[in-house]
Amino acid sequence: MTAQSVMIPWQDRPEGCNDIMWRFSENPIINRYAIPTSNSIFNSAVIPFEDGFAGVFRCDNKAVQMNIFAGFSKDGINWDINHNPIEMKAGNTEMIESDYKYDPRVTFIEDRYWITWCNGYNGPTIGIGYTFDFKEFFQCENAFLPFNRNGVLFPEKINGKYAMLSRPSDNGHTPFGDIYISYSPDMKYWGEHRCVMKVTPFEDSAWQCTKIGGGPVPIKTEEGWLLFYHGVINTCRGFRYSMGAALLDLEDPTKVLYRTKPYLLAPAELYELTGDVPNVVFPCAALTEGDKVTVYYGAADTVVAIAFGYISEIIDFMKKNSI
């Protein structure tokens, strides 16, 4: 079994737009009430599958219980999301307890689709599972002790080991956070934890001075791993989440080659500024086709939106505007 290749959602840069990344004119693509029980649908992951796309979606219900749901789409824009959450079976462990699940990522490695999410087990940690068909799902051992968020797998082994980015945190609305990498021989035992990126000094790049976290699965390019990530500043109105990018060394991802000083996308549209949590752009998935990239992001912790860009332009922008 191999990952499928299909045409990604795309819209050309609007005339007169000079931005490195631009929004879909029909955002948001998934509204908060897309399934009967949902209060909000956001921070979700998608991937090419068969003759279209599959996804794992964060759907908070009207009791604001957080869970993940599978969904399918022919075009990556119009989605049919299951009305019931994913039910996990035992994978490499019998311990599949979970108080909540949220903010999934998904990638294809070797022979299956791997999902990571923030898993509730005496506090937030990183849950791992897999599926072959997005109908039957298997949960594995949690990767780390609580507290941790933003578990993002690389789409292939690095030096013979599985690799995952994460953001050690606390049990609440974490006011700190740097990006680390960890390695595993078997997707069960994780170690060799190393720091990859820290927050920036306020005076150098304030939009990412409070905390940062990995976003979509890193994209392999000839020049390095392209990592979209979120950065946070604590303002007088609370946290403000924006999106930037970094380029990591292919052989040693702890080496940051370039990193955006300005953000690529920040809350500006009404659906990003207003919602359950205002002022949030939170990327969780990216689809590529040649030089094109389409990034899926949660907006205001309420809806799903997409933005577009060219990989070569983003890398060139990083080189000219690196911190």
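By the rule of a C-alpha distance below 27 Å, with chain neighbours fewer than 8 residues away ignored, the lysines paired with Lys101 are Lys62, Lys74, Lys89, Lys135, Lys157, Lys161, Lys188, Lys198, Lys211.
In a Gaussian network model over the chain where Cα atoms closer than 10 Å are linked, find which of Phe202, Phe154, Phe134 has the largest mean-square fluctuation. In this elastic network of the chain, the residue with the biggest mean-square fluctuation among Phe202, Phe154, Phe134 is Phe202. Of the residues Met66, Met164, Met88, ranked by 1.4 Å probe accessible area with the largest first, the sequence reads Met66, Met88, Met164.
Dipole of segment 1-123 computed with +1 at Lys/Arg Cβ and -1 at Asp/Glu Cβ about the Cα centre; of Asn82, Thr116, Ile41, farthest Cα towards the positive end is Ile41. Summary value for segment 82-234: 16 percent relative contact order, contacts being C-alpha pairs under 8 angstrom separated by 6+ residues. In this structure, Asp51 and Thr221 have a Cβ-Cβ separation that, at R0 = 25 Å, corresponds to a calculated FRET efficiency of about 0.40. Here the Gaussian network model covers the chain, with springs between Cα atoms less than 10 Å apart; of His230, His193, His173, His173 fluctuates the most. The spread of Cα positions in the chain, taken along each principal axis and listed from longest to shortest, comes to 51, 43, 42 Å.
Between amide H atoms placed 1.01 Å from N, distances below 5 Å from Ile30 occur with Val304, all of them 5 or more places distant or on a separate chain.
Between the amide H of Phe49 and those of Ala54, distances stay under 5 Å, these residues lying 5 or more places away or on another chain, with hydrogens modeled in the peptide plane.
Here the Karplus relation 6.51 cos²θ - 1.76 cosθ + 1.60, evaluated at θ = phi - 60°, turns the backbone of segment 156-171 into coupling constants of 7, 5, 10, 6, x, 10, 5, 10, 9, 8, 8, 9, x, 9, 10, 8 Hz, with x for every Gly and Pro.
Taking the protein heavy atoms of the chain in the context of the full set of protein chains, the accessible area attributed to carbon and sulfur is 49 percent at 1.4 Å.
Backbone phi angles across segment 69-84, fed through the Karplus curve with coefficients 6.51, -1.76 and 1.60 (θ = phi - 60°), yield HN-Hα couplings of 10, 8, x, 9, 8, 7, 10, x, 10, 9, 10, 10, 9, 4, 7, 10 Hz in residue order; Gly and Pro are listed as x. Based on the Stokes-Einstein relation at 4 °C and a viscosity of 1.567 mPa s, and on the Kirkwood radius from alpha carbon pairs, segment 17-173 is assigned a translational diffusion coefficient of 79 µm²/s. Taking Gly160, Gly151, Gly215 in turn, the Gaussian network model of the chain (Cα-Cα springs below 10 Å) assigns the largest fluctuation to Gly160. Helix-only arithmetic for the chain: the sum of -39500 (n - 2.57) across DSSP H runs with n ≥ 4, divided by the residue total, places the mean residue ellipticity at 222 nm at -1000 deg cm²/dmol. Straight-line cross-link partners of Lys220 among the aspartates and glutamates, defined as a Cα under 16 Å from its Cα and at least 8 positions apart when in the same chain: Glu110, Glu156, Asp249, Glu251, Asp252, Glu289, Asp291, Glu313, Asp316.
Given a Förster distance of 25 angstrom, what is the FRET efficiency for Asp111 paired with Tyr189, based on the Cβ-Cβ distance and rounded to 0.05? About 0.80, to the nearest 0.05. Over all projection directions, the Cα-based convex hull of segment 232-296 averages an area of 6.0 nm².
The values are calculated or read from the model by the stated rules, or taken from the named source; none is laboratory data. Bear in mind the structure is a predicted one, so any value in this text is a computation, not a measurement. Note that each Cβ is placed from the backbone with ideal geometry, even for glycine, and that neighbours are counted across all protein chains shown. When the accessible area is computed, the model is the full protein with side chains, heavy atoms only, and any ligands, DNA or RNA have been set aside. Shrake-Rupley method; radii C 1.70, N 1.55, O 1.52, S 1.80 Å.
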